[in-house]
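Bear in mind that the values in this text are calculations on the coordinates, not laboratory data. In this text the structure is predicted, and so the values were computed from the model without any measurement. Don't worry about glycine lacking a Cβ; one is built from the backbone with ideal geometry, like all the others, and counts go over all protein chains shown.
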Amino acid sequence: AGPPAAMGGHTGSTTLGPPLLSVGPCRSLREAGELHGRAAAGRIRAFLEAEEMVRTRSFFADLGPDGLPSASAAFAELRADNAVAFPEYALEIEGIAEGAGVPVLDIWMVNLLCEVQALKGLPIGKRAEHCSDVILMGEADDLWHGHNEDYTDDPLWHDLVYFVKYEASSDANFTPVMGFCYPGMIPGFAMTWGGNGLMLTQNSLFPPAVNRRGLGCTFVARCALEAETMEGALLQLMRPGQALGMSVNLIELPTDGKSPRACNVEVHGVAGTAALQWLGDPLGSTLMHFNVYSNLAVGNANNPRNSAARQARASTLLMAAPSRNGGAADVLSVLADSRTNTAFPIFGPTTMASWLLDARAGVVSVWARSRPGQAPPLHRWEVDGFFGGGRWSRSAAPLGRDVLRTVSEASLSSRPPLALQRGVHRADLRLRQEVGRGVAKALQSRRDCAAAMAEVNAMRKELLQQIKLGTLGEEAAVQAFRLKLGRLLQVWPLDQGRGGAGGSTGDEESVKEHDVDLMLRKELGLLLRAKTSAADNELLQSSVLVELRRDVVRRVRVGEVPPEGARAAFRVAVAQLRGRGPEDEESEGEPTTCRSFLDV
């Protein structure tokens, strides 16, 4: 058992919502991490056994049923990159693992969850219903910030999440911090604030591509909260080399006669670009963000309808804000809204907690398992003195916005998209022709046409942006589009054409078991849909076919079957199951070659 500070500090209970776990005072993040792990040990162990976490761990395990050497290597590279860039957070992760009594790799997986899930596969054309943020400007120092933390409707996740508070001793080497944590995660990913008067929340983004290696969004955001000024935090958020990218809403609380400030930062890791948007000063100004890129010219892998509907509803509710009821009530009306004309409510079963900051009052209120504002909050925290002492202090004078704009443009572009360049218009026409062909292929593969159109258009826009930036030639873009289209729609064989002059698709000519598995999954689906007789229904049980698929993938992995012969081997196994010869099975073309997205 840990010290009393590690085990106590609760407000609320599991049945009511996420508690607050207080640890410290601590001298180092290694010590704080260990106390964090002890305090949340039961929650962390249960979370690591949740279905989604088991699937993620299996994918990145060398010997897991879906694991690949290339996936394991990508995870190792991500860990190495972030351990080098953020050594103190790596020690904090080691402390959490030791305190909770779990493997340190599992805690790394939790803290790189956004990046590793992106490597598993982006949600192409799917609805991604995650967080909502609304910031409203009032008079003088009035500023209200509302955030809904949305992830899943799984009640297990709602039971296990928590807030954690790190108290620093007088000789500590870190900034005191508190934040909302998915079990085992360091503070920084969700609703978080530091002892220096800076607060942030994040909105998950789903760009059309992800770097195989680079910095994780949780670590970058946490590092920003260590800065002494808001401008310093922004420069940390816009640091290059990020694997995925992020959307962060950053708040500076009022102090020493200064008014509060708020802004949003979008980062696209693959393109190495960032955009900065400030909350306006006039009364009633709003700053809203959901789960799509709003300021950067970046395609979204997820279906944008969800975020667009939530933003439209929020704009309607805040049209006359702040109202006579006050800005806090206006923001709460958005966070609690579950009645819309679409299927995309702002508050719903996936909402795990709601957060409201009243900047002038210096109060943070949290609701869980109830609509915000409809019942007393689960937590109500006074920001001033939360970490002990009085108002936060900063050793450096804040920089002006003009200075920040100059610095940020020099490091990462926050300017509008480049103007249309010579030759780009022709490339766009060619890609649009490929889109037309892609929709026809989508219909052949029995996918939803609207979702497929969203997918291929997102790819077209992303490739067109690369042409504008000069990183990809016209022919290379067309070949890359065809290759990606085949992968997204799971249409085989894939076009193996190479990029032309002016760029390369970046692919290698290697074959990966993961793509063999995807091909066999499609083959299995066709078999299940084609069952016509009672004998087929009895023989071709889905569980039996799944075992056959796994066996063929295993034989490919160990080299017994070449990847291009995987489909033939699967059909032979099905024929033997039916008591027929291979020649009796329907032939669907030449052997298939496959390639993995992890090689891109």
(message) Under the rule a/c < 1.5 gives rounded, and otherwise a/b versus b/c splits prolate from oblate, where does segment 310-356 land using the Cα gyration tensor?
(response) oblate
(request) Consider just the alpha-carbon atoms of segment 195-325 and return their Rg together with their Dmax, both in angstrom. (result) 15.6, 51
(request) Provide the net charge surrounding P18, with neighbours chosen by a C-beta distance below 12 Å and charges set as Lys +1, Arg +1, Asp -1, Glu -1. (result) 0
(request) Note down, for segment 185-267, the three equivalent ellipsoid semi-axes (square root of 5 times each alpha carbon gyration tensor eigenvalue), biggest first, whole angstrom. (result) 24, 12, 11
(message) Restricting things to Cα coordinates, could you compute the convex hull volume per residue of segment 143-247 in Å³?
(response) 140
(request) Give, to the nearest whole percent, the P(r) tail of segment 275-381 beyond 21 angstrom, counting all Cα pairs. (result) 42
(request) Run the numbers on segment 84-180 and let me know its relative contact order in percent, using alpha-carbon pairs under 8 Å that are six or more apart. (result) 13
(message) Can you order the peptides 248-261, 547-560 by their average number of other Cβ atoms within 10 Å per residue, highest first?
(response) 248-261, 547-560
